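The values are calculated or read from the model by the stated rules, or taken from the named source; none is laboratory data. Given the structure is predicted, the values throughout are model-derived calculations rather than measurements. Because the Cβ atoms are built from the backbone with ideal geometry, glycine has one as well, and the counts that use them run over all protein chains shown.
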Amino acid sequence: MDPEADAARLRAAAAAGKPGAYRAYAELLTGRGRLDEALPWWARAADAGDAEASRTLAICHKDRGEFAEAERWYRTAADRDGGCAFGLARLLQEAGDTAGAERWYEHGAALGSVECKTNGAVLLAARGEWDTALARLAEASAEGDDVASHSRRAIQSMLRDLDGWRAALALAEAEGDPEEAYEALRELLDPERRAMFERYPRMVAEAEALYARAAAVGGAKALVDQALFIARDDSRWTEARALVERAHERGYDGAAYVLGVWAEENGELRTAEEWYRTADEADGGHMWACFNLGVLCAAAAAGGGGAVAAGGGGRRGRGQLRRGLRRGLRRE
C-alpha cells in the first residue's frame, strides 16, 4: 500500500468527519514527526469526545511548557477519564495547588485510576493522615501498582523510626539528661533524611515537636535544631531566631554560628561577621564560623573592605580562612 495514498485517504475521511478518522489521521501525522500538523486533528478528536485525544493534547502542551493549554485539555475529559484526572491532578500539584490535586486524585480514583489512588494516598501521608494513606496504598498495591507498594513500605519504615525516636527521647526525659535527649534525635539530622521531610512535610512538624521536648530537658543544642525546622516556614522566622538567641544565651557557641549564617543570607554582613567572631572566640573555636569569617574578610578585601568591619580583610582575612581549614583538617 502506498503510504502517501493511505495518508490522503485518512485525511479525506477526517475532513469528512467520519468516526475515528480525526484520531487516526492525527496518529499518522504524529508518527511521522509532524506534530504541529497533527495538533488540530487531535483537537477535533477531543472536541468529538475522545478522552485519549484530550490527554494527548494536554501532554503535548505540557511538554512545550504551555501549562494553561495543558490544563484546559485535561479538564475537557477529567470528569470522565481517570487518565485525564491523573494528569490534571499532577499538573496542579506541580503548580503548588495541593488542594486541587487532592480533589482530582480522589475523583480519578473513583473512576478506577490506580495511579490516582496511589498519589492521593501519598498526599494524605504528607499531611499526616497515616492510617488512611496506608489503607489506600494497600488497596493500590493489591491492584498491582509497584509505586504504591514502595510508598507503603517507605511510610511504614518511617513511622517505625518515628516511634523509635519517641521512645529513646522518653527514656532521656525520664533520666533528665539533656545530652541523651539530643543524641536520641541525631538521626533526624542525617542528610539522607532530607527527602523524607520534602516528601512528607508532616514529618517537619513531628521533628519540631521532638526537638521542643528535647530542649525542655535543658539542652541548648536542641533549641537550635528546633529552630532550624521552624525556619522552614518563612512566617515563623522571628520565632526561630528567638530560639537560637536563647540557645546562645545558654552558652552554645553553635548558636552564634547559625545566627551568623542567617545574617549573611539576609545580606547583613557586618552582623554576620560579629556572630562568626563570637562563635570562633568561644572555647575551642568553631571551625565553620572561622571558615565563613575568613571568606567574608577575603571578599571584603577584594571589594574594598566596605562590607566587613575595618581591618577584617586582606592578610588577616586570608589568615582566618587558612586557620579554619587547618582546624577542619585536624577534626576530620
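Considering the range 175-221, the residues that are surrounded by fewer than 21 Cβ atoms within 10 Å (Cβ to Cβ), of a type in the set (Gly, Ala, Ser) and assigned to a loop (DSSP other than H, G, I, E, B) include one that is modelled with the lowest pLDDT, namely Gly218. Only one entry in Ala89, Ala77, Ala99, Ala138 is crowded, with 21+ Cβ neighbours inside 10 Å, part of a helix (DSSP H, G or I), assigned by TED's automatic domain parsing to the domain that holds Ala43 and not aromatic (Phe, Trp, Tyr), namely Ala89.
Residues in the range 154-186 that are under 30 Å from Thr98 (Cα atoms) and either among the β-branched types (Val, Ile, Thr) or in contact with a Lys or Arg (Cβ under 7 Å, 6 or more places away or on another chain) (or both): 1 in all.
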